[in-house]
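Trainee: Below is the structure I would like to discuss, written out as C-alpha cells.
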Amino acid sequence: MANAAGVLYNRDMFEEHGWEIPETWEEFMDLCEEIKSEGVLPMYFGFKDTWTCLAPWNALAVDLAPADVCKQVNRGETKFTDEYREIAEKMLQLVEYGEEGPFAYGYNDACTAFANGECAMYTIGSYAVPQIKSVNPDMNIDSFVMPGSDEKGGNVLNSGVDLQFCVTSECKNKEAAYEVLDFLLDNDNIQMYLDDQNAVPCKDDSFKLASEVDGMTEYIEQGIMSDYQDHYYPSEMAVDAQIQTFLINQDVDAFLAKFDKDWLRYNRDIIRLVEEYEAAHGNE
C-alpha cells in the first residue's frame, strides 16, 4: 500500500467561500492570501514533531528537484545548495500562512485543529485522515497535489510505500506465510484497507479510491508520482530536525551549506562505493 501526500483541505469550507484549487505556486500563495483576508487561518503545521516538517518539504521536493537528486550528488554532478534552494525558500513562504508559533504544536494538535475547522488546509498525507476523522468523523476532506511548480502541469504527486509484505528466505513455514499473504492480498480485503486508511493500492487491479484523495486521482491513475526524497536521507543526518531548525532561524544559505557538508559526512561510504563501481564499470 502507498499513500498520497500534498495538501488536505476542508471541502465544505472551500465550497462555502468559493475558493478554487491552485495549480501553480503563485495561485497557491494567492489562495492563502485570500483565505487569510477572509479571517480564516490558511494552514496548520504542527512542527513541534520534527517529522512533520518533512511533509511539505517532500511534497515540494518532488515538484522542484530531480527524483534522483541524491544519486546525482553522490556522483558529484550537483549539490543540494543548487537543487534545494527553491524548496527552502518556498518552505519559508508557507510558514507565513500557518498557526502562530508552529513549533509549539505537534502532529496531534494539527490534526485536531484541522478537524475542528480552525484552518482551511493541512500540508500532510492521506495517512493523516484516520487521525483527523477520529476527532471529527463527519469532516468532508479532499486533497490536492502540492502546487510547488510555477507552471501548470509541472507538479508531481508525492507518494511512498506505507505497507509491504515479505517472506524471508529463512522462513520455515513458507506455505503458511503465503497463505496469509494470499488472504491479505485478496481484492476485497485490499478494498477494505483502502476504505479505512485512504491508501493507494500497489496491486494492479480495479479498486475504488477514498473520496479524500479525489483531487489526486488523476495523478495516481496516470502514474505522475515520485517517492519521498527523505527516504534516501541517512537517519544519522536528522534532516527533519535540520529543517525545523532552518525554519526557526530562516537562514537559507546556512541551512543549505550544512546540508551539503553533512551529506558528505554521513554518505562518505556510499559515495566511495559509487566512485569505485563507476571506475570499474563506467556508466553500465
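Since every read-out is calculated from the coordinates, none of them should be taken as a lab result. Computed from a predicted model, the values in this text were never measured in an experiment. Positions of Cβ are generated from backbone atoms using ideal geometry, with glycine treated the same way; all protein chains shown enter the neighbour counts.
Trainee: I'd like the residue in segment 149-161 that is of a type outside the set (V, I, T) and under 12 Å from the mean Cα position of the chain (by Cα) and, out of all such residues, is nearest to H231 (Cα to Cα).
Mentor: Taking the candidates together, the pick is G160.
Results for (1) within 25 Å of Q244 (Cβ to Cβ); (2) aromatic (F, W, Y); (3) over 20 Å from the mean Cα position of the chain (by Cα), shown as yes or no for each residue.
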| site | (1), (2), (3) |
| --- | --- |
| E15 | no, no, yes |
| D30 | no, no, yes |
| G39 | no, no, yes |
| F47 | yes, yes, no |
| L54 | yes, no, no |
| E83 | yes, no, no |
| G98 | yes, no, no |
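Trainee: Next question, about the same structure. Residues to consider are I124, I141; find the one that is among the β-branched types (V, I, T) and in contact with an Asp or Glu (Cβ under 8 Å, 6 or more places away or on another chain).
Mentor: I141 is the lone residue from the list that is among the β-branched types (V, I, T) and in contact with an Asp or Glu (Cβ under 8 Å, 6 or more places away or on another chain).
Trainee: Another question about this same structure. Quickly run through segment 135-191 and pick out the residues that are closer than 25 Å to Y232 by Cβ, surrounded by fewer than 16 Cβ atoms within 10 Å (Cβ to Cβ), in contact (Cβ under 8 Å) with a residue 40 or more places away in the chain and not charged (D, E, K, R).
Mentor: G154, V161, L163, Q164
Trainee: Among D109, D82, which is part of a helix (DSSP H, G or I) and in contact (Cβ under 8 Å) with a residue 12 or more places away in the chain?
Mentor: Unique residue meeting the criteria: D109.
Trainee: Output the residues belonging to segment 19-51 that are surrounded by 15 or more Cβ atoms within 10 Å (Cβ to Cβ) and hydroxyl-bearing (S, T, Y).
Mentor: If the condition is that a residue be surrounded by 15 or more Cβ atoms within 10 Å (Cβ to Cβ) and hydroxyl-bearing (S, T, Y), then T24, Y44, T50 are the ones that fit.
Trainee: A follow-up question, please. Looking at segment 208-252, which of its residues are of a type in the set (D, E), under 22 Å from K90 (Cβ atoms), in contact (Cβ under 8 Å) with a residue 60 or more places away in the chain and out of contact with any helix residue (DSSP H, G or I) (no Cβ under 6 Å at 6 or more places or on another chain)?
Mentor: Of everything in segment 208-252, just one residue is of a type in the set (D, E), under 22 Å from K90 (Cβ atoms), in contact (Cβ under 8 Å) with a residue 60 or more places away in the chain and out of contact with any helix residue (DSSP H, G or I) (no Cβ under 6 Å at 6 or more places or on another chain), namely D227.
Trainee: Look at D138 and say whether it is in a loop (DSSP other than H, G, I, E, B) and farther than 22 Å from Q242 by Cα.
Mentor: So D138 fits the description; yes.
Trainee: Sticking with this one: What tally of residues in segment 68-105 results from selecting those that are out of contact with any Asp or Glu (no Cβ under 6 Å at 6 or more places or on another chain) and under 23 Å from T50 (Cα atoms)?
Mentor: 24
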